[in-house]
1. Could you say which residue among L308, L271, L304, L299 is at pLDDT 90 or above and hydrophobic (A, V, I, L, M, F, W, C)?
2. In the range 334-382, how many residues are among the acidic types (D, E), under 19 Å from the mean Cα position of the chain (by Cα) and over 21 Å from G157 (Cα atoms)?
3. Pull up the range 132-190, narrow it to residues that are among the small types (G, A, S) and more than 19 Å from H372 (Cα to Cα), then point me to the one that is surrounded by the fewest Cβ atoms within 10 Å (Cβ to Cβ).
4. Look through A331, A337, A343 and report the one residue that is among the small types (G, A, S), part of a helix (DSSP H, G or I) and within 18 Å of L299 (Cα to Cα).
5. Looking at the range 145-175 only, could you name the residues that are aromatic (F, W, Y) and within 19 Å of the chain's Cα centre (by Cα)?
6. Would a scan of the range 401-419 turn up a residue that is crowded, with 19+ Cβ neighbours inside 10 Å, over 18 Å from A152 (Cβ atoms), modelled with pLDDT of 90 or more and not assigned by TED's automatic domain parsing to the domain that holds R467?
7. Might you check whether a residue that is over 31 Å from the mean Cα position of the chain (by Cα), assigned to a helix (DSSP H, G or I) and free of Cβ contacts under 8 Å to residues at least 40 places away in the same chain occurs anywhere in the range 176-189?
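The values are calculated or read from the model by the stated rules, or taken from the named source; none is laboratory data. As the structure is a prediction and not an experimental result, all values here were calculated from the model. Note that each Cβ is placed from the backbone with ideal geometry, even for glycine, and that neighbours are counted across all protein chains shown.
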Amino acid sequence: MALSPRLDLRQSQSLVITPQLQQAIKLLQLSAVELAEYVEQELVSNPLLEADDSGDPGALAEGAGNVDDRSEAGLSVVDAVDGQDEAPLDIESAVEDNEPALGSDGMDTHSAEHWGAGGLDGDMPEFDHAAEAPDLRSHLVQQLNLSALDPAERFIGLYLIDQLDESGYLRVNLEEAADQLGADLARVESVLALLQEFDPAGIFARDLKECLRLQLEDRNRFDPAMAAFVANIELLARRDIKKLREICAVSVEDVEDMIGEVRALNPKPALQFERSASEAVIPDVIMSLRPNGDWRVELNTDTLPRVLVNRSYVSNISCARVTKADKDFLAERLQSANWLVKALHQRAETILKVATELVKQQDAFFRLGVAHLRPLILRDIADAIEMHESTVSRVTTNKYMATPRGIFELKYFFTQGLASVHGAATHSAEAVRHRIKTLIDNEVLTDVLSDDRLVEILRGEGVEVARRTVAKYRDSLKIPTSAQRRRDKAAGYGGR
């Protein structure tokens, strides 16, 4: 084969993340406070942008705001953006407007897995998150996700986590919390008892005595004498050691040891975690009940930046004698300003669209309480509104909705569920666990149900579940294997 230079023409497709798309994605995942800071920086760096101080609540960006009531499935959606024909922001559609979205092999280049493995993170350092020690909330949520809780109990757990003060104490009244969430008080107390077993020891205490008790129980040192000591801890503050020793019925040496143990405890267990500056939670979406019983969903206009493009300034500069470099700079700044206005519109529309679908999907929760929380995943919302899952994930992060039951992060409403074999409804994990327990409780020696047999029964009842999932749920219920249960029944130990 001869070696010689030649020219080849090849056609291929690749994903190109333009600066505009990077900006749109960044805006989508910012919280209300972060967005305000970002827009303030843009106002400083771009002379063609100016803040709208007219006070018009509908002026999200350039142009007056129009209000459009659309009644759909019992919802009233109120747009807080202007009436331009702007589509909600979606990663797929945004890429299609700029560059091809698929690689030459047809792979979906928008998936989180592709972005992480394909090296795009290296091209967009602003999306990287440096490895940091988790804050208290992240630390607790990780433990909550590992607990065998049903969706309703997980929701209660998230709610209680967000009620902790900076020292790690729970300052919410449980009866009020149960009433707000539409849950039984006993169920809220049960979830709290589980949360109080989390690390760090002493977390979720409601007062100092309970905090000390939790830490002593964690160290297996909460005996009757120590219980009496903690119950009368105010005597230690008054240095009335004699009376404290009499109440605890211990010797002088013992009470000194107990004082040393208590002083070694941490009365503020949350302070060992790094805490970012506290920010007031500002709802991005507000929902309320209309007189006809439908839900009204609207953007919180107080969180929407009002930005204008100063076109008169552009016109004056264009008429003046300027150099080519000045003209190029002006054109670049004008393009950046116009794109920011458009991105703000799209961000607002996308948040509103996702929030509206969430309210529609979780209607039973808002009306009846946490026990009626529907199993929901990102794909359910993404399919309903025809967007990509990554877009829905960004929208629901650090975005809050004010509801008649309180202010919740949009992430709250996503819970686990098991698919139906008919492809329609889903079954909550707790309901499946309860069914497994019922089947095993009713089994007899001649028909002890194996995990495979349980899978067959559940599938016959319309629940699509894997054998390993049944085994995991059985273990979480502390139910032995079928072989062990058979031996126990043969030995006369009863149902287990």
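1. Criteria check complete, one pass: L299.
2. Adding up the residues that qualify gives 2.
3. In this case the residue turns out to be A133.
4. So the residue among A331, A337, A343 that is among the small types (G, A, S), part of a helix (DSSP H, G or I) and within 18 Å of L299 (Cα to Cα) is A343.
5. Selection gives F155, Y159.
6. yes
7. The answer is no; no qualifying residue exists.
One line per residue, one yes/no per condition, for (1) more than 23 Å from L149 (Cα to Cα); (2) touching a residue at least 40 places away in the same chain (Cβ under 8 Å); (3) more than 30 Å from the chain's Cα centre (by Cα):
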site: S450; (1), (2), (3): yes, no, yes
site: V455; (1), (2), (3): no, no, yes
site: E461; (1), (2), (3): no, no, yes
site: E464; (1), (2), (3): no, yes, no
site: K472; (1), (2), (3): no, no, no
site: P480; (1), (2), (3): no, no, yes
site: R487; (1), (2), (3): yes, no, yes
